[in-house]
Structure formats: C-alpha cells, structure tokens
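Every read-out reported here was derived from the displayed coordinates using simple, explicitly stated rules and does not represent laboratory data. As the structure is a computational prediction, the values presented were derived from the model and not from experiment. Methodologically, a virtual Cβ is constructed for each residue, glycine included, from the backbone with ideal geometry; neighbour enumeration extends over all protein chains shown.
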Protein chains: 4
Amino acid sequence: MTTEAAAVLDSPPLGTTMRALVKETAGPGAAIREVPVPQPGPGQILVKVLAASVCGTDVHIERWDKWAQDNFGPPPMTFGHEMAGIVVARGDGATRIPVGELIAAETHWVDWTCYQCRTGRAHVCQNNRTLGVKVPGAFAQYVVMPEMNAWVSEHLTPEIAALQEPLGNAVHAAFVEEVAGQTAVVTGCGPIGLMSIGVLKMAGARAVYATDINPERLEMAKKMGADLALDAREDIVGQLKAATDGNGVDIVLEMSGSAAALHQGLAAVTNGGRVSLLGTHAVPATLDLSQEIIFKGVRVYGITGRRLWDTWYRTTALLEEGLNIEPIITHRLPLADYQKAFDLVESGHAGKIVLLPQAES
Amino acid sequence: MTTEAAAVLDSPPLGTTMRALVKETAGPGAAIREVPVPQPGPGQILVKVLAASVCGTDVHIERWDKWAQDNFGPPPMTFGHEMAGIVVARGDGATRIPVGELIAAETHWVDWTCYQCRTGRAHVCQNNRTLGVKVPGAFAQYVVMPEMNAWVSEHLTPEIAALQEPLGNAVHAAFVEEVAGQTAVVTGCGPIGLMSIGVLKMAGARAVYATDINPERLEMAKKMGADLALDAREDIVGQLKAATDGNGVDIVLEMSGSAAALHQGLAAVTNGGRVSLLGTHAVPATLDLSQEIIFKGVRVYGITGRRLWDTWYRTTALLEEGLNIEPIITHRLPLADYQKAFDLVESGHAGKIVLLPQAES
Amino acid sequence: MTTEAAAVLDSPPLGTTMRALVKETAGPGAAIREVPVPQPGPGQILVKVLAASVCGTDVHIERWDKWAQDNFGPPPMTFGHEMAGIVVARGDGATRIPVGELIAAETHWVDWTCYQCRTGRAHVCQNNRTLGVKVPGAFAQYVVMPEMNAWVSEHLTPEIAALQEPLGNAVHAAFVEEVAGQTAVVTGCGPIGLMSIGVLKMAGARAVYATDINPERLEMAKKMGADLALDAREDIVGQLKAATDGNGVDIVLEMSGSAAALHQGLAAVTNGGRVSLLGTHAVPATLDLSQEIIFKGVRVYGITGRRLWDTWYRTTALLEEGLNIEPIITHRLPLADYQKAFDLVESGHAGKIVLLPQAES
Amino acid sequence: MTTEAAAVLDSPPLGTTMRALVKETAGPGAAIREVPVPQPGPGQILVKVLAASVCGTDVHIERWDKWAQDNFGPPPMTFGHEMAGIVVARGDGATRIPVGELIAAETHWVDWTCYQCRTGRAHVCQNNRTLGVKVPGAFAQYVVMPEMNAWVSEHLTPEIAALQEPLGNAVHAAFVEEVAGQTAVVTGCGPIGLMSIGVLKMAGARAVYATDINPERLEMAKKMGADLALDAREDIVGQLKAATDGNGVDIVLEMSGSAAALHQGLAAVTNGGRVSLLGTHAVPATLDLSQEIIFKGVRVYGITGRRLWDTWYRTTALLEEGLNIEPIITHRLPLADYQKAFDLVESGHAGKIVLLPQAES
C-alpha cells in the first residue's frame, strides 16, 4: 500500500459528507454542495477521487442543452466521469482490487448480459448507464462504481490515469483497422483529436495530418506530432491529395462533430479507405451518400466508448511505450473553479482541464 | 467449341455492321442504329452478345438525368453493360479464353496500376471506365472488352450469365462480413435487393427480412425466400425488433437509395451491427449521425461494383450451389423493344428485363 | 413454467442424495454411486440433468490414459460435461434464469478476469476449470454450475440442447473465417466432424468433402450432406484436387487427431487457404513446416471450446434455421449403461450417445 | 532522368556481354562468366543491377543442397534475386516506368491468372517462378524482368532498395495482424529477424524481445531496438512470461527455421496469440499439436513472399518514416568476391551482404 493510500485510510469516509459538484435542477447551472459520501454496494468499490478531467459532455450538462435534457439524471445528481483515484473501501464480493490501489474508471456501466455484452461489444450495451450521466459522478471527493469498471493504473499519475478514458476513445477510433504505414487525417483538434495524433504516430502511421479552425489547437497538433496542421477553412482536400501522391488519405478520424469537417474527410479519403466518426454531431448532417461513400467504397465506423478491455490494454501499452499526452493538459484547477473550467472548454482556449476534488479552493 | 460458337464463326463479323442501341445526343432518348462491328485491340476480345439485361443506370442514360449528364459518354455512344455472350475473335495477346466460350463482363474497366488496383481494391479504381457509360456498351450485337474483364461462364445460360454482374453487387454487399447465423433486413426489393435475399439465405442467414412499398416486389421477395416481406410504410422498426427478441437485426442491406429506408435500417440495426449501402441516392440524405451511427457503434460500408475476383468466384459458387435467380427475370425482349423495357423498369412493374440483341424484332 | 419443471419442483432435491457416475480412484474404471445432491453457491444454479452425452474425453477419463492422469480431478469425482437440464434451484445472486428453464452448459468455467477473458478470448482462459474434468460433472441426476455458464435453450429437446456443446466446437472451427461459396474438407467423421458437415452446408459452402476410414461414419457423412465421402486410405489429395479444378480446397477442418489426416488436409488445401485443428492429437505429429505450411501461405487455427458467446448464438441460430443433428445420435441409454456407452464410443460403431440420468436402468 | 541514368544510357548494353555469377552444373560451386546481356521481351524491362544482396537461398544454390536440387534451374543459370538497379531499356508494351528510374524487384514472377492471383494472394501463385531460382537472376550486370515486377524506389539508395525484398518478408510476417500495443518475440536474428525487430518497434509494439544463440546477432538485435535480446539456450519461456506479467507474448515471429525456437515461441505465446512462420525448416519438426496449438487456441501463419502490393506500400512507408535497416548491412563486396560472401553468410558472422555487380573486382 502506498503512503498516500495509507493516509487516505486514516480518515475513513463512510458515513460522513463530501464536496461534490451537483446538477441541482433541470436547467442551466450547477453548484458545489456537501453531500453524503456514497456507500459501495455488493461488487462495488468506493474511490477517493484524485483527478477528474472535464469532457465536453460535462459542459453540455452544466449548460443544459437538448442532449442533456434528453439524457441526464434526473437532477439533482453529481456529474463528471473522466476520473482516477484511490480505492478506499470495497463492498461485498469486490475482492479483485486491493484498497490503496490507483484506478481509473471505465465510465460505461454495462449490464454484461445483453446481446452486445455477450458478443464482445459491451461498449454499445443496450442498457448502459454512464457514470456522471445516469449515475452519480466523479466531480466529488468520493465516488462509487462497480469493481468491474475499475482499471488498475499503478504506474501513472492520477491526471494521466484520468485521461485514459478519452485517450481510449482515440485509441478505439484509430485502431478499428491497422494503422502502420498508412496516412491519416484527424479533423478536429480538441483533446481527443490531439490525443489521436499521438496514437497514430506511435502506431507507425506514415503521416498524420490535422485540421482545425483554431490556431491554438493547430499549434498543439504540431506538438503532438502532426506532419501538417492545416487551417480547415483552406483547401484541405487539395492539400491532402498533394501530400499523398494524389491518392488521398487512408484513414480519417472525424473528431470535430462538424459536418463541414466530415465532408472534407470524405472528399480526402482514398477510395476504399476508412473513416471513424467520434465527434458528436449536435445537428443532423446532409450527405451525398452516393458520391461521398458508396461510389468511393468507403467504410464508416461509428465510434463510442472503449472496447472492453482491448482498448484499455492498448491504451496502457501506448502510455508505457512513451506516448506523452501531458502537453494536452493546459489547466489544473480545484473543483471549486468548475465554472472557469467549463467556460475555458467552451471558449476553445484550453486543451484538457483537470479538476482536483481534494484540493482546497 | 460449341455448335453455337461454330455457327457464329461461320459469319465473321469484322468489317461489317451491326444493330446497336445508341445514345445519339446529349438529351433524352436513344435509337437503334447500324454501326460498324468494333475491332478487338491488343489484349481485347470481340464478343457476340446473347443477353444484355437492363440496369437502372441504363434508364438514367436514356432519360438523360443529371447523373447521366455528368457521367455518360460523350454521345453518340452505344450503352448497356450487364451482358453475356460468345467470344468470336481475339486481339493480339488475348490468349487465355478460347473463341467459342460463353463469358460475362465485369463491367469496370480498371487500370490495374493505381493505388487501389495494386492493393486489392480494383473495384474502386481511380481511373475506372465503365462499359456502356464511358466506353461503348453491350446493347448491341457485338461488343469489345479487355480479355481481363471476361468471366468464363460455361455452365450457365446467357441470361443468368449476364445477371452475374448485378448479382455480384448483391454478393459484394452481403459478404463484406460474415452472414451465417445472423439476421438481416434488405431495404428495397428491386432486382439486386431480391437477389440479395437469395444470397443471404444461401449463406445461412438466421432470418432475412425485406421491405418495399411495392406489393409486387414484396411478393417476389417472398419467392426469393424472405422470412418476412414488410410494407415499408408500416412500423418496420417495431416489427424487426419484435422479430429479433428486441435486439434489432445484425445486417442491413440498403438497396433502395431512399433516405427513408436508410433511416429505418439504421434504427433497426442492432448496436454494433453493420449496414451496406448499395442503392444510389439521387438526392442528399440528412442523417442524425450521433444517434443513428456513432452512439450505436455501427459500421457502414459503401458498396460499388464487385471485388475482383473474389466476388465473382463467390457468385459462381452460389449459382452452382443452387441459388435460383431466374424468378427475378420477368421479361425477355428483343433489343428493338428497348423503350418498352425502360418504361417497365421505371414503372416498377418488372423484375429484371433481359434484352436479346440477336433476336429479330 | 413448464409442466415438467413444476413436477421437478415438487420434489426439492437439496439435502438428499442422487445417482452419479463417479471416478473413484486414480486408475481405470468408474462406478454408479449415491452421492449428496450438490448445493448451488453464490451465483450458481442447481440443474436437474435430463440428457448428458458422451464425449471422447469421458472415455479417456474412464480408461485413465495419460491425458486423464494429467488433467482429471482428483478422484473421487463425478465426470461428464455435455449436458442439458432444468434449473431447479438458484444460489444467492443467481437471478437471470428462472427456475423451470431448460438450459445447456458451457462447460468451461472461466475466471472472467484474466487477460484472455478480458480481451474476448475466454475460451482460452488461463484459469479454466472444465465441468466434469476439474469440477464435479453432469453424469448425475443433478449438477451445479455458475449461472453465467448456462445457455437458455427453451425451444430444443434436452438431447439436442446437450449436443450444443460439441456442435459449438464444430461451429467455432468452421466459422473462424467465412464459409459461403468456399470448398471444404472435413477430415474425420466422428460426431463433431459429422456436425461440422451440416454446419458448413448450412453456411453456404460450395462443396463439403469428408474423409474417414470407417465406412459407417462415411455413410453418416453422406446423410449429413457431404458432397463426397472418401475413404482416407485412398488418394484423398488427388480426388480433392480433381473436385476443385486443381486448386485444392479452401477450408480444412481437421477433426480426427490423426497426423495422417492432417498431412492429407495440408496437401489438399489451396495455397493461402485455412486449416482448423480441433481433433486432439494423442501423440506428437511430425510436419514438413516449409512445404506444408510456409511455402503454401496457409493459416492454421488451433480450436478449443466455443467463443463466449458468439459461438452459442450462432449455434442456436443454425438449429433454428433447420440444422438437423439428430441423425448423429445413434444411442440413448440410461446412465447405468455407461460401460456399454464407453465401449461403443471406443469401438467407433456409434455416433453420439446420450445418457439419461433420470431414467431407471 | 538522373545523371547516372544518362551515363548508363551512353553505353547501350544490348547485344554485348556482361559479368554474371553462374551456377554451371548440378553440383556444388558457381563461377563468374561472361554471358550475353539479356533482351527484354514484351512487357519486360532491362535493368542495370547496382546492388544485389545475398539471401540464404543463394548459399543453398551455391552449396547445392537438397532444396536447390529440387528447385533450381536447371543449370547453367545465373542466380541472385534481391536487387535494385536502373531501368535501361524496355520491351514492347512496357511503358509505365521510364528509363533511368531506380527500381527494386519483386522476385516472384507470378501468372496473374490462377485462383490465387485472382483472389488477392498472388504471393502464393500456383505457377510462381522466382527470379534467380527458376529464371535467370540478378548476380549479374544486367537482368530482365516483367515491368509488373518492378517497384519504383526513387528516394532510396540502391542497397536499401535491394533490401526491400527481405524487409518485405519481415513486414508481411509482422503485419498479418495488428501490432500496436502488443508484445512480440522474434526467434532468430538473421537479417530478416533483425529487420522485423525494427518493423515491430516502428509499428508501436509494446515490447519486442529477440532470441538467438549467436552473440553477434543479439548485439545487432539490441541495435535494432529489441527491449531484450535473449540467449536461446537459456530459459526463454520463463523470461518472456516474467516480462509480460505471466501472460506470454502476443506475437511470435519465427525467423530461425529451428524447431527448438518454434517450441519456445509456442510455449511463450499467450493463449489465443499468433505465430508467423517464416524461417524455412530444412528438416521436419515434431510438434505436440494438442498442447502447443490446439488447447492454446493459437493462430499459425505460414509466411512466404510479400503481398502484392500491400506489403510493398507498407515497406516503402516504414522506410520513409525513418526505419533504419542500414546497420544490418555488414559487408559490401564486388560480385567477384561472391565466395567470401557466401562463406560469411554461412558462418553467421555477417548481417546482410550486398554484392556490387558494377564494381571492378
């Protein structure tokens, strides 16, 4: 057991209260509140949260947009899901992971019994409940989760451990087919797009191109190893064709959720290439299916979550091999500064922001 | 050499004229004309056309819609591409297939040297020229083609041999992933949709459902083996969920080119399932990519042409195993009746129509 | 609840004794004994065994050969694993399958936490304990198993339900790659070989050839749909080449455990084809790896168990589609006639033998 | 056209003689002889050989072992196949590659019409004739080959261009399945084994282990990036299990042709892992198929040649990405020193040796 874990255990949290960021009502806003420390049920663990990074989803929940209205809660409920922390207590039957271990959360609580879960596709479980969306989340000093959902992360810092969840999205999107020796474009350089640049380079992509309309993000794309970082308002297709002997790119990772970016990706992908869609689209997109997909013989993959647990093994491996995602973290803030964090995310002037629930504000 | 072949060779066609259906000008219409019998160049063969079936593309060309304006010709040029016939002469270097052999045409004339052709994806060759669209076609008594494009079809009738080309589309769409033991829906029961029902059943699909709005086609779907033939104006998704224990179908083959059908297919496909798009969309389709593809973890395959030559081997095998596509042929007409054929296709009151270029009108 | 289930529940079995076939000592033989009805622990179910078919493994255990000495038990322990029966009681936390349901057993008790189990390969779990080999088996009136291992089989007879386990072996071996439109040879027509003939035909194989040295089995191979049933002492390779235009077969399913059969399969497989090894080899085999595998570019798959649960879904689907494996059952015997059953299996004069633990001897 | 090409063309070689290394009789030995410069036939090119590296096969031919007796020639014939050079003349119809271009040879002359060639498996063509084995080879100042077999290599040095052929073997073996984030062992650190270490690292393998019994080769393995270079006479399996949390390695590339190495690889591979066999076995190997392959659920790939042209595209990409195989070249010798080269290869005290046919001895 680590010293930190021991210190944690000096102050057993059960039966006491904790700070948490709570979505209180079905409308915009959120608030720090003192709430009871949750109790781990059978097969569950209680985790002291050391790092909880901010996802675009969290901003949707705080802003209370249509997606949040349709999917969250119901309020009042704590939100936040990208997290890492120390196991501090275990419910009945939770015996695999010792108290004191650093873990990260697979945020999809799946049922393990539906058709999808029983055929290697648990990431699209029919009865998935996502941490911080359907069950109380990790923007709090403590969180409970099924022991099955914990990924032991002993050699990582808490903030990198927390980032394995979105990094896993990038790994999932990149690795639906082979990468080595292939050319790729990442459309959209938000945090997952930036991570995917590193993933593709680490996996031996021949070249990785990145597009965005935000110059700060294009700068970060270069730092992550992009061979070219292109302003999406320019002639992306022409530049990508020129860079690939006229063939177009083998791989498109669409990380922006923008229809314009998707059109560029579909125009730039080589005939018979493949496109991963991960960026979520707030509004429907209008596609010329014949010209953009059918006659080109393109494969389009809808990507959500992480393959359990292939993606996590790969993600751990890449970090161990030296994949450095730390440059993507631009801010570390105490939980109390959540409003600043959400504003920064929305403004686009941030990479990944890590909230620290144990820090005094 | 067969008797028929010998008879053919009694009347060497080179240097003479033949009947052909010619698109004469850049506008609606077409006409039967006497044109010179073409000469096979190096690596090419001359084929006496015994059967040439009508594809929707041919109607587009005759009607001269936007697709035709963008892709055909230029006029004047003979059109028609789904065909079978007897080899009657060979150009220099064409030595593989003997004169007298019954062959069908792979209608994509590909360059064999581009990136796609050199990586097992010749069906999406960057420089493809399609028979009857970019080079003179098979609605004629004779046609030339590269010997490479001829598929020896010795045990088939000419009309079934000609139908291997669209049947290959169905095989390609169905076989992008495994079929045995899976449930499938075919949306759109035109000729290729109908063929794909037979293909899926032959390949051990657990159940094959079919949708259309045309009762005649739904009747044919049942004849081809569909377990359920459903009126697409009813609650398709509800019926398919009910038929699959609530899971939805594993496989969608979208054969209609209708956005409404595609929405139904995407709603009915099980999470993590797969969708083949073959039906061409005349107008753009508006999709909720997040809900219909991304969060469901669906794979979408754009399908065009036939894999060279995997698809042809499979197609031949299925016919040999007993796949019966003859019920799909509803009309056999002399070439001179082309106008009637095109009208029938457009009306939807026909399955496949085979034109007979050698028949006296 | 079915009438039979209700009847079962009239006589609650817990705390009483039952008939079981027990391997009593580390040497040849076995005996029917009265032993306590086992109690389902947490997550387990108690099943009344209605059918338990005999596997070659059971004969090895009874004969006490080297494999049995290395792998069984330790004695005394009940053996038998291919089974189906009615759930009659459930331990704590076993809530998915209602009492009264007919289930079959996935016989691999896996740990669900090792590297293999967490990456979609539970069939090769590092800590697998097989029912009737490492834990008390199903040649008994009752058996306990993890609820996770039960496959609901409501529309099947108990004997067919029991046969899903070896049928799943055949499905696993056949479906490692696509089958439709491919030629295949099954070397060895024991029960799993015979089942695999039916599986391949149902999945649209172009042709299925079968080999064995036992004329009775070759007769059964024809009944299961083999296009050719060949005496393995004759020129198998020549006949298979002749049947496949000189190309050789696309698929080899090696079901005999005989090195001679494997050599024939490797010689008969087409360059770049695939070979599934399922038959267990009692003695090492000597292979010319360069000529038989490397220069031919062949893929060899070691097959054990069933993919959890892809194989079970496929197996259920094939039975629902009409796969008829009933002709493979040649004997139905009360449990007390186990000696006769084992002798018949060893003699080769039997297909599958089903023992009936509830039948009076 | 490059200056070198222009210089070449100043001295048109047709109708003159050249130096070549000729296998003169069916017995040990070879000799430098003056032979006519070959003429390119239809579709062929004449290439001035700038570099020709030595393969183990060449030593077999010179030594005249059983494989050579069964496969070579017949004598008298020039041998040598790994090569690069400048196109100096073109036969009729060879129009794709301009005179003056640096090319490397795909050494398999395949027929492009057999079942394998028409289904994406030309590397196992039924009628393959290998350069320098069945048709006159490249240990000569000039060689002819089909233009189809030439791979344009404009940005490489001739010696690296020549090495693409064995490097392609390594790429083929490594890339039969995904590599990124996986652990691998390379058994046998001859030139192809050494190259494969670099390939695996470039493609993002989590760790690459290497085994050999030759300390010089183990040193080179480290230079190529091996995480561990292990003496194959020690406890390889124990060390690899220890290095992989007890799981064993995901990937085995067997490059030695030694049964002992293969046994180690099969014992070290994780359950459900994969093994590529590339090293050719001079004598049959005896395997416990049940324990080593079947019960472990292992996939074994026979690897020969290079996928046309997927492997070549990947190989080019890896070199472009920075894969450095130059350390593997230990000697550069004039063609006249062939005997020294063969002796060095046989002794194991060399990496790759490049012969220079244009150099004065």
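The orientation-averaged projection of the convex hull spanning the C-alpha atoms of segment C:275-339 amounts to 8.1 square nanometres. A Gaussian network model of chain D, with springs between Cα atoms under 10 Å, assigns the largest mean-square fluctuation among D:Thr119, D:Thr187, D:Thr57 to D:Thr119. Would you work out if segment A:24-145 is rounded, prolate or oblate? Take a ≥ b ≥ c from the square roots of the eigenvalues of the alpha-carbon gyration tensor; rounded if a/c is under 1.5, else prolate when a/b is larger than b/c, oblate otherwise. Taking the square roots of the gyration eigenvalues as a ≥ b ≥ c, segment A:24-145 is oblate. Take each peptide in D:99-106, C:48-55, B:161-168, count the other Cβ atoms within 10 Å of every residue, and average; sorted highest first, the result is B:161-168, C:48-55, D:99-106.
With the simple model of a label 7 Å out from the Cα in the direction of the Cβ, B:Ala242 to C:Glu24 spans 6.0 nm. Working from Cα pairs under 8 Å separated by at least six residues, relative contact order for chain D is 17 percent. Relative contact order (percent) for segment B:39-161, with alpha-carbon contacts under 8 angstrom and 6 or more residues of separation? Normalised by residue count, the contact order of segment B:39-161 is 37 percent. As a calculated quantity, the FRET efficiency between D:Val283 and D:Glu234 at R0 = 30 Å, using C-beta atoms, amounts to about 0.80.
Between the C-alpha center of segment A:129-181 and that of segment C:228-284 there is a gap of 47 Å.
Counting only DSSP beta bridges whose two residues both lie in chain D, roughly 55 percent are antiparallel. A 19 angstrom limit on the alpha carbon distance is what I want to check against. Which of C:Lys201/C:Lys222; D:Lys66/D:Lys134; B:Lys222/C:Lys201 exceed it? Exceeds cut-off: B:Lys222/C:Lys201. Rounded to the nearest 20, the Cβ-based charge dipole of chain C about its Cα centre (Lys and Arg +1, Asp and Glu -1) stands at 540 debye. Note on B:168-181: average number of Cβ atoms from other chains within 10 Å of each residue's Cβ is 4. Of the GluC sites (Glu not before Pro) found in segment B:253-361, those that fall in a DSSP loop while having at most 11 other beta-carbon atoms within 10 Å are B:Glu360. Sorted from shortest to longest, the distances between the D:Glu34 label points of this copy and the other copies are 6.8, 10.4, 10.5 nm, with each point 7 Å from Cα along the line through the beta carbon. Scaled against 2.2 N^0.38 Å for its residue count N, the alpha carbon radius of gyration of chain A is 0.99. Taking a ≥ b ≥ c as the square roots of the eigenvalues of the alpha carbon gyration tensor, the protein assembly as shown is rounded, as a/c is under 1.5.
If only the Cβ of Lys and Arg carry +1 and only the Cβ of Asp and Glu carry -1, the dipole of segment C:57-140 around its Cα centre is close to 240 debye.
In summary, the aspartates and glutamates within cross-link reach of D:Lys352, defined as a Cα separation below 16 angstrom excluding same-chain residues under 8 places away, comprise D:Asp58, D:Glu82, D:Glu159, D:Glu165, D:Glu216, D:Glu219, D:Glu326, D:Asp337, D:Asp343. Each of D:Gln239, D:Gly198, D:Ala259 was scored by the projection of its Cα onto the charge dipole of segment D:171-285, and the greatest displacement toward the positive side belongs to D:Gly198; charges sit on the C-beta of Lys, Arg, Asp and Glu. Comment: the Cα-to-Cβ extended label point of C:Gln339, at 7 Å, lies 7.8, 8.8, 9.1 nm from its counterparts in the other copies, nearest first.
Shown here for segment B:188-243: trypsin sites (Lys or Arg not before Pro) in loop regions (DSSP other than H, G, I, E, B) with at most 14 other Cβ atoms within 10 Å, namely B:Arg233. Averaged over the residues of C:105-116, the number of partner chain Cβ atoms lying within 10 Å of the residue Cβ comes to 2. Ascending distances from the C:Asp92 label point to its copies in the other chains, with the point 7 Å along the Cα-to-beta-carbon line: 0.4, 8.8, 8.8 nm. One residue of chain B places its C-beta nearer than any other to the axis carrying B onto D; that residue and its whole-Å distance are B:Gly120, 2.
The charge dipole of segment C:219-319, taken about its Cα centre with unit charges on the Cβ atoms of Lys, Arg (+1), Asp and Glu (-1) only, comes to about 400 debye.
Taking the charge dipole of chain C about its Cα centre, with +1 at Lys and Arg Cβ atoms and -1 at Asp and Glu Cβ atoms, the residue from C:Pro76, C:Gln141, C:Leu335 reaching farthest to the positive side is C:Pro76.
Amide H contacts of A:Ala51 (H built 1.01 Å from N, in plane; Pro and chain starts excluded): A:Ala84 sit under 5 Å, all sequence-distant by 5 or more or on other chains.
Among the residues of C:310-319, the average count of other protein chain beta-carbon atoms within 10 Å of the residue beta-carbon is 4.
Set against the 2.2 N^0.38 Å expectation for a compact globular protein, segment C:311-361 has a Cα radius of gyration ratio of 1.40. For segment C:258-301, the Kirkwood hydrodynamic radius comes to 10.7 Å, computed from all pairs of different C-alpha atoms. Listed cross-link partners A:Lys23/A:Lys48; C:Lys241/D:Lys296; B:Lys223/B:Lys340 are compared with a 23 Å cut-off, the Cα-Cα value being larger for C:Lys241/D:Lys296; B:Lys223/B:Lys340.
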